[in-house]
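Enquirer: Let me begin by handing over the structure; questions about it come next.
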Amino acid sequence: MPETKPRPTQEEAEAAVRTLIEWAGDDPDREGLLDTPKRVAKSYRELFSGYEADPREYLERTFDEVGGYDELVVLRDIRVVSFCEHHMLPFLGKAHVGYLPRNRVVGISKLARVVHGFARRLQIQEKLTAEIAEAIQDILDPKGVGVVVVSEHSCMTMRGVNTPGSRLTTSHLLGEVRDDPRTRQEFFELVRNG
C-alpha cells in the first residue's frame, strides 16, 4: 500500500496563496491583501470539506416503516457547489436525486448531505453524478436510482471558450429507473416538472 503524504499545514497553505498573489503581479503585504491568504485557506477548507468524511455514512440511518410505500422518492433542486479538478474553478448548479425504495427509506436531508459530501471535492461532474447514484444504490439497496446534475462551469464561462449561460447536464440511472421505461419516464418527468 502506498505511503500517504502528510497534509500541508495551514501555514503552508497560506504561503501558497501568498505565492499566487505575487505570481499574479500583486503585493501580498498590501493592506487589502494582508489577510487574504488566511481567508483563502479557511474558505478552501470549507469548500473541500468532502475529503473529511465519507458521504456514504449519511445513508446508514434508514427507516423500515414505510407503510407500503413503493413509488419513486425524488428530491429536486439540491444546490451543488463543486470544483473542476482540471482548473480548480467552481461549477454551480442543482442535483435531482431519486430512488425507488425496496423496503426502507432515508431521511431526505441525508440525500442532500450525500450530494454536498461528494460535491465538496475536486472532480468532474460526470464522476460526481455517478458517485451519488452508486452510494445510494450500495447503501439503501433500492430497486433503482436516478441522479441528474445540471451545472454551469466557471472554466467555460469565465475563461477558455467564454460561453456564459451554458450548462452541462449529466445523469446516472441504475436498476429499474434505468431498465423500466415507465419508471425512467416518470423519474425524468418529476425532475423536469416537480
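Enquirer: Under a 1.4 Å probe, what is the accessible area of the range 61-194 per residue, stated in Å²?
Expert: Ligands and nucleic acids excluded, the result is 51 Å² per residue.
Enquirer: Two decimals, Cα atoms only, Kirkwood Rh: what is Rg/Rh over the range 1-136?
Expert: That ratio is 1.11, to two decimals.
Enquirer: If you don't mind, there's one more thing I want to ask. Quick one: length gained pulling THR62 to VAL161 fully straight, 0.36 nm per residue minus the C-alpha distance?
Expert: 31.2 nm
Enquirer: Tally up the carbon and sulfur contribution to the accessible surface of the chain as a whole percent, 1.4 Å probe, everything protein left in place. Before the final figure, lay out each step's value.
Expert: Working: 5990 of 11770 Å².
That fraction is 51 percent.
Enquirer: Based on the Cβ-Cβ distance from ASP138 to LEU89, what FRET efficiency comes out when R0 is 25 Å, to the nearest 0.05?
Expert: Numbers: r = 30 Å, r/R0 = 1.21.
Once the sixth-power term is evaluated, E becomes 0.25.
Enquirer: Find the Cα radius of gyration of the range 54-194, compare it with 2.2 N^0.38 Å by division, and give the number to two decimals.
Expert: Here the Cα radius of gyration is 1.06 times the empirical estimate.
Enquirer: Which one of LEU100, LEU168, LEU140 has the biggest mean-square fluctuation once the chain is modelled by GNM with Cα springs under 10 Å?
Expert: Greatest mean-square fluctuation among the candidates belongs to LEU168.
Enquirer: Could you work out [θ]222 nm for the chain from helices alone, using -39500 (n - 2.57) per DSSP H run of at least four and dividing by all its residues? Round to the nearest 500 deg cm²/dmol.
Expert: Numbers: 7 runs with 76 residues, N = 194.
That calculation yields -12000 deg cm²/dmol at 222 nm.
Enquirer: Can you give me the distance in nm between label points at ASP179 and GLN10, each placed 7 Å from the Cα along the Cα-to-Cβ direction?
Expert: 5.2
Enquirer: Work out the FRET efficiency for THR19 and ALA53 from their Cβ-Cβ distance, taking R0 = 35 Å, and round it to the nearest 0.05.
Expert: The value I calculate is 0.75.
Enquirer: Cβ under 12 Å from LYS143's Cβ, LYS143 left aside: what net charge do those residues give with Lys, Arg +1 and Asp, Glu -1?
Expert: -3
Enquirer: Turning to a different aspect of this structure: Give me log10 I(q)/I(0) at q = 0.14, 0.22 Å⁻¹ for the range 60-139, Debye formula, one equal scatterer per alpha-carbon, no solvent.
Expert: Evaluating at q = 0.14, 0.22 Å⁻¹ gives log10 I(q)/I(0) of -0.48, -1.00.
Enquirer: Moving on. Residue by residue through the range 33-50, which ³J(HN,Hα) values in whole Hz follow from phi under the Karplus form 6.51 cos²θ - 1.76 cosθ + 1.60 (θ = phi - 60°), with glycine and proline marked x?
Expert: For the range 33-50, the Karplus-derived couplings read 10, 3, 9, 4, x, 5, 5, 5, 4, 5, 4, 5, 4, 6, 5, 10, 5, x Hz, x marking Gly and Pro.
The values are calculated or read from the model by the stated rules, or taken from the named source; none is laboratory data. Please read these numbers as outputs of a predicted model, since none were measured by experiment. Counting neighbours? That spans all protein chains shown, and the Cβs are built from the backbone with ideal geometry, glycine included. Heavy atoms of the whole protein, side chains included, go into the accessibility calculation; ligands, DNA and RNA do not. Shrake-Rupley method; radii C 1.70, N 1.55, O 1.52, S 1.80 Å.
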